[in-house]
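Trainee: My questions will all concern the structure given below.
The values are calculated or read from the model by the stated rules, or taken from the named source; none is laboratory data. These numbers come from a predicted model, not from an experiment. As a convention, Cβ positions derive from the backbone with ideal geometry for all residues, glycine included, and neighbour counts pool all protein chains shown. Only protein heavy atoms, including side chains, enter the accessible area calculation; ligands, DNA and RNA are left aside. Shrake-Rupley method; radii C 1.70, N 1.55, O 1.52, S 1.80 Å.
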Amino acid sequence: MSSMCGIIGVKGKSNSSQLVLKGLKRMEYRGYDSWGIAMANRKLKVVKEVGKISDVAIRPFIIDGSQLAIGHTRWATHGLVTKENAHPHLSCNGEVAIVHNGIIENYQELKKELIEKGHKFRSATDSETIAHLIEENLNKGFPEAVRLAFSRLQGRNAMCAISTSSHELVGARNGSPLIVGLNDTDAFIASDIPAFLENTRNIAYLDDLEMAVFDKSVKFFDVMTGKPVQKKIEHISWNIEQAKKGDYPHYMIKEILEQTQSIERAAKQDKRQLLGIAKEIRKAKGSFLVACGTSGYAAMEAQYFFSGIAGKHLNSVVGSEFSSFRHFLTPKSLIIAISQSGETADTLEAVDVARKMKSRVISIVNVMGSSLARQSDHFFLTNAGPEICVCSTKAFTSQLSVLLLLAYASAGKLSEGISLLQDTADQVKLMLNDGFLAKLRKLSASLAQKDDIYVIGRGLNYPIALEAALKIKEVSYIHAEGFAAGELKHGVIALVEKGTPCIAFVSNDEHRQATLSGAIEMKSRGGFIIGISPEQDEAFDAWIPVPDAGNAQPLVNVIPAQLLAYYLAVARHLDPDKPRNLAKSVTVK
Ligand code: F6R
């Protein structure tokens, strides 16, 4: 019924529907089940389709000439993917169109009330409720009707609405992102900056329970009181080239290869801030690392960094499990939340829990101005640039870079950490040569028809084994599992058969021998061992040589795994940028 998606609204000179369509194409990574656009001239014109928006030509929209349009690209969470459920949704009188991102937790109660008042629902979505709620109060003026409607919604939501009679565009947010973009002729409001980056870099971030009304100019209001609020217009440094695919066949490969620069950028943090936060970590009574998915593995890796480098125990917990540990939180606890998007609902909920206990919240985010950055006492930007591919690659190594620096800073050895990262960035540049890519492409082609792939690692390589398996699962749909190498003998080894591919991360560290023993145990059950290691070993049936990077080994090791996952997807004729059932920003619980 509900969706978590990309939404956009434009009030422009004459080509708003075209700008909306372009914006949706740039936000398709947020959802690609179905899409829709509403354009307002004297009447509303609505176009909705099931399927990907990337296949839609812009030309037919150019002639529309509308000044007001909204659009939506959907990633269904509960309801079916049908044309009826695709947004925009209209009021009964056809005067109001809305697009929505989030889940209206009290929609059943609202829908019942509206049906009793005579409203006719055309879809099975919670979102349609908003259009009818607005219609109820249209006599108070369109912006006020939107405000009253939005103030009744429970849950994390963002919406845009247009009206044919007042000719205004209104956007409101509470928990799901909305950003305003302005240039001389057009005004935009969207779930993410790349949606309008081609047209402007002057933006304003809406905060929770704020709304923007676009009439002749744009004005901002508090949703609960209706009072005006002042917003700062900020200039952002991202450029559209960074958000474009360029000559690459997919964003995924572009973003993997960008790690030749992004690690270096992530390492350029303000030293005073790093040392200040390191001091807080040392003083805190209980520090937690909180994140989800790939960022969750960065959090897990940070446990090893802090333990090994600074002799400090931090607890990593995935966002959705964090509330179970709230009893340990006090005002002296510290939470380090990690997120590429800064909009992941499970991570934000964990931060809410920490805030309620008055604990300090530090975050590591990639998207400037994101909810997480705004809700933290302090944040570090990973500066990876826009990550468009649904699966996370460069953001992960950037997160690891910042976490590594924090661990070194906590150990009083920040300069050592900085030079280690500089060396690692140089090693990554050398590693990512054509021969290396060709080798992984060839290896992937030979594995593309396998049903299962197992991945093992110990110590620093354990979270990397988990992340490698996640990457393979996400984009190639091959079943892959990561294990702590020592766990093999406790049951997992039963899965290994003749020819089963087993990836072993073997580094020049204290775990080398034990990991190799694990690899040999799998080999003696018929496993085909792929060693990702600085050194060759007779246990390996295939060897992917990586540089020796000491404590930064996880940053180096994950890259061949990302490439393997990418080439596996390509060999299986899948689109790695748009894996089935996934969306980039998981803004629902
Ligand atoms: C995996 C992936 C997801 C995200 C997770 C958290 O490739 O992309 O597992 O890592 O949804 O997202 P962020 O980092 O935006 O909080």
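Trainee: I need a count of the residues in region 221-230 that are touching a residue at least 40 places away in the same chain (Cβ under 8 Å) and in contact with a Leu (Cβ under 8 Å, 6 or more places away or on another chain). First the steps, then the outcome.
Mentor: In the first step, residues of region 221-230 are kept if they are touching a residue at least 40 places away in the same chain (Cβ under 8 Å); the result is 221, 223-224, 226.
When the remaining residues are screened for being in contact with a Leu (Cβ under 8 Å, 6 or more places away or on another chain), the result is 223-224.
Selection size over region 221-230: 2.
Trainee: I've got another one for you. Among the numbered conditions (1) part of a strand (DSSP E or B); (2) not assigned by TED's automatic domain parsing to the domain that holds Thr515, tell me where Thr424 comes up short.
Mentor: (1)
Trainee: Within region 282-294, restricting attention to residues that are without any contact (Cβ under 8 Å) to a residue 60 or more places away in the chain and surrounded by fewer than 22 Cβ atoms within 10 Å (Cβ to Cβ), which residue is nearest to the ligand (Cβ to nearest atom)?
Mentor: Across region 282-294, the extreme among qualifying residues is Gly286.
Trainee: Next up: Considering each of Tyr248, Tyr304, Tyr297 in turn, give the residue that is within 16 Å of the ligand (Cβ to nearest atom) and either open to solvent by 40 Å² or more (accessible area, probe 1.4 Å) or without any contact (Cβ under 8 Å) to a residue 24 or more places away in the chain (or both).
Mentor: Tyr297
Trainee: Using the structure shown, decide if Ser363 is within 16 Å of the ligand (Cβ to nearest atom) and either in a loop (DSSP other than H, G, I, E, B) or of a type outside the set (Gly, Ala, Ser) (or both).
Mentor: No: the conditions fail for Ser363.
Trainee: Same structure again: Name the residue, out of Lys312, Lys358, that is in contact (Cβ under 8 Å) with a residue 60 or more places away in the chain and part of a loop (DSSP other than H, G, I, E, B).
Mentor: Selected residue: Lys312, the only one of Lys312, Lys358 that is in contact (Cβ under 8 Å) with a residue 60 or more places away in the chain and part of a loop (DSSP other than H, G, I, E, B).
Trainee: While we're here: Quick one: count up the residues across region 381-402 that are more than 13 Å from the ligand (Cβ to nearest atom) and open to solvent by 10 Å² or more (accessible area, probe 1.4 Å).
Mentor: The qualifying residues number 2.
Trainee: Would region 218-226 turn up any residue that is among the charged types (D, E, K, R) and assigned to a loop (DSSP other than H, G, I, E, B)?
Mentor: Checked region 218-226: no residue is among the charged types (D, E, K, R) and assigned to a loop (DSSP other than H, G, I, E, B).
Trainee: So is Phe396 outside any loop (DSSP other than H, G, I, E, B) and within 14 Å of the chain's Cα centre (by Cα) or not? Reasoning before the result, please.
Mentor: Details: outside any loop (DSSP other than H, G, I, E, B): yes; within 14 Å of the chain's Cα centre (by Cα): yes.
Yes; evaluated as a whole, the condition is true for this residue.
Trainee: For region 309-327, indicate whether the set of residues that are in the same structural domain as Gly417 (by TED's automatic domain parsing), open to solvent by less than 20 Å² (accessible area, probe 1.4 Å) and at pLDDT below 95 is non-empty.
Mentor: No; the residues of region 309-327 include none that is in the same structural domain as Gly417 (by TED's automatic domain parsing), open to solvent by less than 20 Å² (accessible area, probe 1.4 Å) and at pLDDT below 95.
Trainee: Let me ask you something else. I want to confirm something. Restricting to region 251-277 and keeping residues that are hydroxyl-bearing (Ser, Thr, Tyr) and out of contact with any Asp or Glu (no Cβ under 8 Å at 6 or more places or on another chain), which single residue is least open to solvent (accessible area, probe 1.4 Å)? Even if it seems obvious, please write down each step before you answer.
Mentor: Of the residues in region 251-277, the ones hydroxyl-bearing (Ser, Thr, Tyr) are 251, 260, 262.
Restricting the remaining residues to those that are out of contact with any Asp or Glu (no Cβ under 8 Å at 6 or more places or on another chain) gives 260, 262.
Details: Thr260: 25, Ser262: 0 Å².
Checking each candidate, the answer is Ser262.
Trainee: If Asp346 meets every condition in (1) more than 14 Å from the ligand (Cβ to nearest atom); (2) part of a helix (DSSP H, G or I); (3) in contact (Cβ under 8 Å) with a residue 24 or more places away in the chain; (4) touching a strand residue (DSSP E or B) at 6+ places or on another chain (Cβ under 8 Å) apart from one, which number is that one?
Mentor: Only one criterion is unmet by Asp346, namely (1).
Trainee: Counting only residues that are farther than 16 Å from His378 by Cα and touching a strand residue (DSSP E or B) at 6+ places or on another chain (Cβ under 9 Å), which one in region 322-339 is farthest from the ligand (Cβ to nearest atom)?
Mentor: Filtering region 322-339 for residues that are farther than 16 Å from His378 by Cα and touching a strand residue (DSSP E or B) at 6+ places or on another chain (Cβ under 9 Å), the one farthest from the ligand (Cβ to nearest atom) comes out as Phe328.
Table: residues versus (1) over 24 Å from the mean Cα position of the chain (by Cα); (2) among the β-branched types (Val, Ile, Thr); (3) farther than 23 Å from Leu178 by Cα.
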position: Glu84; (1), (2), (3): yes, no, yes
position: His89; (1), (2), (3): yes, no, no
position: Cys92; (1), (2), (3): yes, no, yes
position: Gln108; (1), (2), (3): yes, no, yes
position: Ile115; (1), (2), (3): yes, yes, yes
position: His119; (1), (2), (3): yes, no, yes
position: Ser127; (1), (2), (3): no, no, no
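Trainee: Pairs needed: first member in region 533-548, open to solvent by 50 Å² or more (accessible area, probe 1.4 Å); second member anywhere, of a type in the set (Phe, Trp, Tyr); C-beta distance under 7 Å; at least 6 residues apart or different chains.
Mentor: Listed pairs, sorted by first residue: Gln536/Trp543; Asp541/Phe528.
Trainee: Considering only region 124-142, how many residues are surrounded by 24 or more Cβ atoms within 10 Å (Cβ to Cβ) and in a helix (DSSP H, G or I)?
Mentor: Looking only at that region, the number is 8.
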